1. Quick one: how many Å² of W63 are accessible to a 1.4 Å probe, rounded to 10?
2. Mind jotting down a quarter of the surface of the convex hull over the alpha carbons of the stretch 300-346, in square nanometres, one decimal?
3. Classify the stretch 81-220 from the C-alpha gyration tensor, please: rounded if a/c falls under 1.5, else prolate or oblate depending on whether a/b exceeds b/c.
4. Can you give the Rg/Rh ratio of the stretch 1-82, where Rg is from the C-alpha atoms and Rh is the Kirkwood radius?
5. If you count, for each residue, the other Cβ atoms within 10 Å and average over each peptide, how do 296-302, 94-100 line up from highest to lowest?
6. Going by Cα centres, the stretch 290-319 and the stretch 166-235 are how many Å apart?
7. Using just the alpha carbons, could you tell me how many Å³ per residue the convex hull of the stretch 207-327 encloses?
8. How would the stretch 168-256 be classified by its alpha-carbon gyration tensor: rounded, prolate or oblate, with rounded meaning a/c under 1.5 and the a/b versus b/c comparison settling the rest?
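The values are calculated or read from the model by the stated rules, or taken from the named source; none is laboratory data. Everything quoted here is computed from the prediction, not taken from an experiment. We place every Cβ from the backbone using ideal geometry, glycine too, and count neighbours over all the protein chains shown. Accessible surface is based on the protein model in full, side chains and every heavy atom, while ligands, DNA and RNA are left aside. Shrake-Rupley method; radii C 1.70, N 1.55, O 1.52, S 1.80 Å.
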Amino acid sequence: MAERLIFHCDCNNFFASCECLQRPELRNVPMAVAGDPEDRVGIVVAKNELAKKFGVKTTDTVWQAKRKCPQIIFVPPRHRYYKEISGRVNAIYRDYSDFVEPASIDESYLDLTGTLDYYRMSAKELADSIRARVKREIGITISVGVAGNKIFAKMGSDYKKPDATTVILGEDYKTILWPLPVSDLMFAGKASVKLLNQKGIRTVGDLALQPRDRVVSLLGRGGETLWMYANGLDTDPVRRWGDVPEVKSVSHGMTFRRDLYTRGEIETGVAVQADRIAMSLRRQNLKGSVISIQVKTPQLSAISRQTSLDHYTWLEHEIREIAMKLIDENWRIGDPIRALTVGVSKLVSADEALEQLDLFDLMGAADCKGSRDRERQDRMEAAVDSLRRKMGTMAVTLGVQKNDEIGVRREWKKKERK
């Protein structure tokens with residue numbers, strides 16, 4: 001069986017590169033794509049190489065970037081345009097393999113196992129040819145990591161940028177990746193890295209050479225996963241193009257135009273997220289039994305809480321009420337809130353959820369009154385959803401009070417900027 005050959009292709013400074021396609025003059029000045037400061041999403045989401053040389057980083061606020069580089073030019077994001085360019089880039093990838101799995105709008109994995117004889121190229125030559133084609137046909141550059149698994153391929157595309165190929169095959173990972181800080185290992189969180197550093201485990205190689213049991217004792221099951229990644233034991237396959245990944249959770253969040261203080265303002269923010277989630281779940285024919293919230297402060301620290309239900313739901317009012325209950329129990333009303341996220345997880349198909357409810361009914365375990373109330377609410381929300389499909393998303397709203405001061409409008413999404 002042929003050794004796996006996985007490419008991770010990462011578009012360099014993607015949003016900024018897309019903007020430069022239509023405005024070539026931006027290539028010669030420090031520039032960044034940034035959100036709207038008025039809506040408190042004024043952060044840098046992409047920058048070009050010239051801005052990077054001044055120390056401008058993704059997630060810098062607009063004022064931080066301006067302080068580092070006074071002459072920087074900001075342009076607003078145009079996500080529809082970026083999606084179009086992403087589609088064209090992936091169309092090139094699909095000429096080489098049916099197994100192309102987008103990891104984000106600007107990153108994709110390709111499984112090219114067994115193709116080198118066909119193309120009569122080495123792995124590096126093939127990666128270089130794909131890079132050259134994207135540059136020639138699209139006008140942007142990509143970096144490619146080549147490895148035997150997805151984790152090392154991703155680390156390879158990060159290893160050298162922009163417009164570069166890094167090959168990590170055979171035992172190469174021991175000389176290329178093992179000297180890197182353990183924080184460079186994918187999915188190594190800050191808390192885990194801090195604990196590992198305290199125990200003298202500072203590099204990827206340090207982690208790989210630890211006894212597996214020791215890492216598990218330090219970090220739990222997540223530690224075992226990191227240990228396997230460090231040793232090149234990732235076996236996650238690349239999905240075939242068009243295969244839809246299993247949905248594990250549905251969540252929505254919002255950063256408000258100003259901090260929230262009152263319970264009424266918080267309820268409005270939660271209601272927006274709950275309504276969006278319920279609509280998304282219904283349209284995917286999914287229900288969930290775990291509801292979660294994340295509250296973020298102006299200092300960007302956050303708390304996360306969740307609770308499990310004894311049934312599955314996709315009801316807006318239930319998601320909203322339980323999310324508010326979590327906030328009431330875990331947050332002091334009056335303390336400022338910058339952003340809120342609500343989520344629903346442990347998802348099953350609506351048909352499976354109904355079968356389980358019927359089983360509980362037969363066993364006499366279900367709350368009959370609660371079940372009847374949910375059925376009535378379900379019919380009402382289904383009718384609302386039907387109206388929305390015919391007349392538009394904002395034809396009917398559930399539990400959402402307009403509050404332009406905090407950024408909650410009847411039209412949740414701004415019109416796409418041309």
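1. For W63, solvent-accessible area is about 150 Å².
2. 3.8 nm²
3. prolate
4. Rg/Rh for the stretch 1-82 comes to 1.12.
5. The most tightly packed comes first, giving 94-100, 296-302.
6. Rounded to whole Å, the Cα centres lie 31 Å apart.
7. Cα convex hull per residue, to the nearest whole number: 179 Å³.
8. The shape class here is oblate.
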